[in-house]
Amino acid sequence: MIGRVIPVHRQAETNFWGRHRARPGRSIWPARGARYIALASLLTLSLSGGALGKENGDDDDDTATPKPALPNFYLDMRTIYSTVPAGALSIGFSAPPLLARLSPLAALPTSPSSRNISIDLPLTVDVNDRLSVYGGISGGSTQTGTAPLTSIDIYSFTIGLQADIYQQNGGMFPTLTVQSNVTRSIPAAPLATTTYNTILEADYALNTDETRGLLAGMQYTKVYVDTMFAEVKPSVMGYVGGYYQWDNNWKLTGRLGVQSFAGAQLLNLTPFQPFTQPIVRLDLDRMDDDDNRLFGVTAQIAWTPKPAYQLTLRTPLYAIKN
């Protein structure tokens, strides 16, 4: 997904039952015994009862697979470890490590390398198979240069949504999904930021179960800093990829793209130079039979132009799971 790496829903097979109506006719054997008349009457009543039952909505499929009364409701917990080389800011597919890095840099004359351990706790509701909404906090600890790790603090909160604006459903056009969120930092230092992040992704399934497919997408990220003396310019990313889900419900997704960052100037720091560099992301997820994620691991390398690394463990905690 991205906040919520984007999930692939397996389509349920639909059975269409034809309704047959008996045609009335005249008897051409009046001498036949009464038992034949009785048998014909019973057969007619049975057929009529079955047809009426289905016309009244008592479909076998509806009885066997009732629709869930409540949507999925869960805490989509993500534990993130990231490293950023000296003199660089890394946005990539996830903005929270960037937000955690800005505040400690405000008091430093240069930009040393840093390491960050953070936890995202977005409370997520899958409203239906087309729309999810989420909101929650992020916190963690940062080590800058040779300094020790900072104390664990909450540094931002995020609200957002993910929606399918078009679904392929076996057609020739891919599923189009948009994910958009707003993240506001809660800093202990002068640099407060608001980040707007939007991803538009096309997913072309190669089979009817949607367990194999191709991906293409774009991401736009803009960070606003609450001071006239600092500026973070936009980041734009384009990528392609694909996914494969095995019969045992393990799913592998890969994305390869190019990130173009227009640079930044933060208070007394030397400017962060613009760059256009590659980025790679791999996701390994364990799904259940209904394509709910049970566990996930994400590895990302973003060149800035030196490589910045990020490893994410995703462990959703379900209150309601359909």
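The values are calculated or read from the model by the stated rules, or taken from the named source; none is laboratory data. Owing to the predicted nature of the structure, the values given are computational and were not obtained by experimental measurement. Note that we place each Cβ from the backbone using ideal geometry, even for glycine, and neighbour counts take in every protein chain shown. Accessible surface areas use protein heavy atoms only, side chains included; no ligands, DNA or RNA. Shrake-Rupley method; radii C 1.70, N 1.55, O 1.52, S 1.80 Å.
Here is how the numbers come out for the structure above:
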quantity	calculated
Added length on full extension, which subtracts the Cα-Cα distance from 0.36 nm per residue, ILE154 to THR198	13.5 nm
Pair THR315, TYR220: separation of 7 Å Cα→Cβ label points (nm)	3.7 nm
Residues with amide H under 5 Å from that of SER156, placed H, sequence gap 5 or more	SER138, ILE186
Portion, in percent, of the accessible area of region 151-216 that falls on carbon or sulfur, probe 1.4 Å	67 percent
Accessible surface ranking that places the most exposed of SER138, SER151 first, with a 1.4 angstrom probe	SER151, SER138
Accessible area in square angstrom per residue, region 231-322, 1.4 angstrom probe	47 Å²
At R0 = 22 Å, FRET efficiency that the Cβ-Cβ distance of ILE137 and SER180 yields, to 0.05	0.75
In Å², nearest 10: area of TRP250 left accessible to a 1.4 Å probe	90 Å²
Per-residue ³J(HN,Hα) for region 218-235, Karplus 6.51 cos²θ - 1.76 cosθ + 1.60, θ = phi - 60°, Hz, x for Gly and Pro	9, 10, 10, 10, 10, 10, 9, 9, 7, 7, 6, 9, 9, 8, 10, 7, x, 10
Region 254-309: Rg to Rh, with Rh as the Kirkwood radius over Cα pairs	1.21
Heavy-atom accessible area ranking, 1.4 Å probe, most first, across THR177, THR83	THR83, THR177
Share of carbon and sulfur in the accessible heavy-atom surface of region 260-322 [1.4 Å probe, %]	63 percent
Amide H within-cut-off set for LEU267, under 5 Å, with H built and near neighbours excluded	ALA230, GLU231
